[in-house]
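Visitor: Here you go, one structure.
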Amino acid sequence: MKRSFFAFLMVLTTFGAKAITTIPLKGTIISPTNQHIQYTGRISFTNPERPTWNYPGVQIIAAFEGTSLRMIAKPRSGYFMAQIDHAEPFKVAFRGERDSVVTLATALPDGRHLVRLMYIIEGYEFFPEFWGFVLDKGRQLIDAPVLPSRKIEFIGNSITCGYGNEGLKKEEHFDYATENHYYSYASIAARNLEAQHWVVARSGIGAYRNYDGPKKGNPESCMPVQYEYTGYAWKPELRKEQTFLREKWDFSRYQPDVVCINLGTNDLSTPNYDLSLLKQSYQKFLKVVRQHNPKAKIVLLTGSMLYNQELQIAKQLLDELTDKAHKAGDKEVYRFDMNHIDGEAFYGNDWHPNVYQDEKMANELTDYLRKLMNWL
C-alpha cells in the first residue's frame, strides 16, 4: 500500500499537480527525458517533461525490460496506435477527463521488448502531451533499434492525415474515432519503404485557400504560413495559450531525402477560387520548401478526391510549377498522380478515402518512390 502511494506521489511530483490519475501506480516510472526514448515528428520540448505536438504521425519508440508496460499522457490527449514487438498494432485512447494511464502490455515473456507508438489523429483540439512510461519494478529502458536512415516528409491535407479512413459510409461526417493516420497512404508507404516519415498536415488546409475559404485566400492559416511552426494553430488566439504554436520550427532537426506535397484539393474543392492566386502561393511555397530542404527531392502529388475539371486544373498547375522549377535550375522537383476514388467500396467519411483506398494509393506511391529514390 505504501509503495503504491509512493508511486502515485512520484507522478504528482514528476509531472505536476495536473497529472492526476485515479490509478495507483506500482513500478518504475520513466520520464519523457529518458535518453533511450526515440521521438520522430514535429514535437516541442519546451517543457522536456511534457513533450507536446498536434500534427499526426508523431512517434514514440522505446525498448524495455520486463513483462508489462503502461503509458502516461495528458488526459484527453486523443488516439494512438501501439505495437509491441511484432504483434498486431492496436488503438489506444486517452479520452477520459482524469485518468492518464493506459496499459499497453501485460503478461509478456520476461525479457526485452519494443514499443512503437504513433499519434494517429489531428491534435489541434487536444494538444496531446506525453508524460512517460511505467515499467515493472526495478526494470529500465534499454537501447532501441536505430531509426531508419531513409527520411520522408509529407505535407498535406485531410487525405494525408487519414481523415475518416476508418469510416464505413461517405455520408457520415468526421469523428476522431474514424481518423487513423497509421493507415494513411503516407504512413503505409513509409513502412513499405522502411523509412521515417514526418508529417505536416491538417484537414481542410490549402496552398492559398482553405476549404470553402474566401476567394482572396486564407493567408493567416494556409500551409505556407503554418509550415514554419512546430504546431498548427487554426485560431490566432491559440498562439497565446499554447507556447509551442509560436515556436518556429528548427528545420535542421529533420532533413528529409524526399518531400511529398499533396495540396490543392481544398483550394479547388468549392467554386470560389482564384487560380492565379493559387499558382502564386503554391510557387512561393515550393521555393520555401526548397530553401528549408536544399538536398531533398520534392514530389508534387495530386490526391484522390478531385475529379473532372478541378482534377485537370490541379494536374496542369503542378505540371507548370514543376516545369518552372526546372527552368529556374531546380531539377529535383517531380510529379506523381495517385488514382482517384473509383467505387463505393473505397469511400470513408465525408467522401474521403478509406483504408482500402489508402492502401491502393500507398502501393502506387511506394512503387514510384522506390524507383525515384533507388530504394531497392
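Visitor: Which whole-angstrom value gives the distance between the alpha carbon centres of the range 49-118 and the range 266-309?
Guide: If you average the Cα positions of each part, the centres end up 35 Å apart.
Visitor: Another question, then. Using a 1.4 angstrom probe with every protein chain in place, what is the largest-first accessible-area order of Tyr232, Tyr183? Intermediate results must be reported in sequence, preceding the final value.
Guide: Details: Tyr232 10, Tyr183 65 Å².
Descending order: Tyr183, Tyr232.
Visitor: Farthest toward the dipole's positive end in the chain, which of Trp53, Thr322, Ala362, given Cβ charges of +1 (Lys, Arg) and -1 (Asp, Glu) about the Cα centre?
Guide: Ranked along the dipole, the leading option is Trp53.
Visitor: With every protein chain left in place and a probe of 1.4 Å, what is the accessible surface of Ile188, to the nearest 10 Å²?
Guide: 20
Visitor: Loop only per DSSP, at most 15 neighbouring Cβ atoms within 10 Å: give me the trypsin sites (Lys or Arg not before Pro) in the range 242-297, ordered by residue number.
Guide: Lys295
Visitor: If we count every other residue with Cβ under 9 angstrom of Glu332's Cβ, Lys/Arg +1 and Asp/Glu -1, where does the sum land? Please report the intermediate quantities before stating the final value.
Guide: Working: positive: Arg290, Lys295, Lys297, Lys331; negative: Asp330.
Net of charged neighbours comes to +3.
Visitor: By its C-alpha gyration tensor, with a ≥ b ≥ c as the square roots of the eigenvalues, how is the range 85-216 shaped: rounded for a/c under 1.5, else prolate for a/b larger than b/c, else oblate?
Guide: It comes out prolate by the Cα gyration axes.
Visitor: In debye to the nearest 20, how big a dipole does the range 50-94 give about its Cα centre with +1 on each Lys and Arg Cβ and -1 on each Asp and Glu Cβ?
Guide: Charge dipole, the range 50-94, about its Cα centre: 360 debye, nearest 20.
Visitor: Is there a quick way to get the dipole size of the chain? I mean about its Cα centre, with the Cβ of Lys and Arg at +1 and of Asp and Glu at -1; what is the value in debye to the nearest 20?
Guide: Magnitude of the dipole: close to 1180 debye.
Visitor: Restricting to lysine pairs 8 or more places apart or on different chains, what number in the range 170-305 have Cα atoms under 19 Å apart?
Guide: 14
Visitor: Taking N as the number of residues in the chain, what is its alpha-carbon radius of gyration divided by 2.2 N^0.38 Å?
Guide: On the way: Rg = 21.2 Å, N = 376, 2.2 N^0.38 = 20.9 Å.
Its radius of gyration relative to the 2.2 N^0.38 Å reference: 1.01.
Visitor: Find the centroid of the Cα atoms in the range 321-364 and in the range 176-191, then give the distance between the two in whole Å.
Guide: Centre-to-centre distance over Cα atoms comes out at 15 Å.
Visitor: Which loop-located chymotrypsin sites (Phe, Trp or Tyr not before Pro) does the range 239-333 contain, where loop means any DSSP state but H, G, I, E or B and the Cβ has at most 11 other Cβ atoms within 10 Å?
Guide: Tyr307
Visitor: For the range 202-327, build the charge dipole from Cβ charges (+1 Lys, Arg; -1 Asp, Glu) around the Cα centre, then report which of Leu311, Asn293, Gly213 sits farthest towards its positive end.
Guide: Farthest towards the positive pole: Asn293.
Visitor: How would you classify the range 222-376 from its alpha-carbon gyration tensor, with a ≥ b ≥ c the square roots of the eigenvalues: rounded for a/c under 1.5, else prolate if a/b is greater than b/c, otherwise oblate?
Guide: Values: a/c = 1.36, a/b = 1.15, b/c = 1.18.
It is rounded, given that a/c, with a ≥ b ≥ c, falls under 1.5.
Visitor: Moving on to the next point. With a 1.4 Å probe and all protein chains left in place, how much accessible area per residue does the chain have, in Å²?
Guide: Values: 16470 Å² over 376 residues.
Roughly 44 Å² per residue, with all protein chains present.
Visitor: While we're on this one: What percentages make up the Cα-Cα pair-distance distribution of the range 329-371 when the bins are 5 Å wide from 0?
Guide: 5, 20, 25, 17, 14, 9, 6, 3, 1
Visitor: Still on this structure: Taking the chain as the reference, fit the longest principal axis to its C-alpha atoms, fit the long axis of helix 2-15 to the helix C-alpha atoms, and give the angle between the two in degrees, 0 to 90, nearest 10.
Guide: 30
Visitor: Next up: Would you compute, from DSSP H runs of 4+ residues alone, the mean residue ellipticity of the chain at 222 nm, taking -39500 (n - 2.57) per run and dividing by the full residue count, rounded to the nearest 500? Intermediate values should be presented prior to the final figure.
Guide: On the way: 9 runs with 95 residues, N = 376.
Value at 222 nm, helices only, nearest 500: -7500 deg cm²/dmol.
Visitor: Of all accessible surface on the range 126-198 at a 1.4 Å probe, what whole percent is carbon and sulfur?
Guide: C and S atoms contribute 52 percent here.
Visitor: Another question, if that's okay. Starting from the Cα of Lys169, draw a straight line to each of the lysines and keep only those under 19 Å, dropping any in the same chain fewer than 8 residues away.
Guide: Lys360
Visitor: Exactly which GluC sites (Glu not before Pro) in the range 22-102 are in a DSSP loop and have at most 14 other Cβ atoms within 10 Å?
Guide: Those that pass, being in a loop and sparsely packed, are Glu97.
Visitor: Rounded, prolate or oblate: which fits the range 153-292, taking a ≥ b ≥ c as square roots of the Cα gyration tensor eigenvalues, rounded meaning a/c under 1.5, else prolate when a/b beats b/c? Could the numbers behind the result be given before it?
Guide: Numbers: a/c = 1.32, a/b = 1.05, b/c = 1.26.
Judged from the Cα gyration tensor, the range 153-292 comes out rounded (a/c under 1.5).
Visitor: Taking the full set of protein chains and a 1.4 angstrom probe, give the accessible area of Arg116 in square angstrom, rounded to the nearest 10.
Guide: The accessible area of Arg116 comes to roughly 90 Å².
Visitor: Sticking to Cα atoms, compute the Rg of the range 25-66 to one decimal and its Dmax as the biggest Cα-Cα distance, whole number, in Å.
Guide: Cα-based Rg and Dmax for the range 25-66 come out at 11.6, 32 Å.
Visitor: Okay, next question. To test your reading of the geometry: what angle, between 0 and 90 degrees and rounded to tens, separates the Cα axis of helix 275-292 from the longest principal axis of the chain?
Guide: Once rounded, one gets 50 degrees.
The values are calculated or read from the model by the stated rules, or taken from the named source; none is laboratory data. Owing to the predicted nature of the structure, the values given are computational and were not obtained by experimental measurement. Reconstructed Cβ throughout: ideal geometry from the backbone, glycine too, with neighbour counts over all protein chains shown. Ligands, DNA and RNA are stripped out before the accessible areas are found, and what is left, the full protein with its side chains, is counted by its heavy atoms. Shrake-Rupley method; radii C 1.70, N 1.55, O 1.52, S 1.80 Å.
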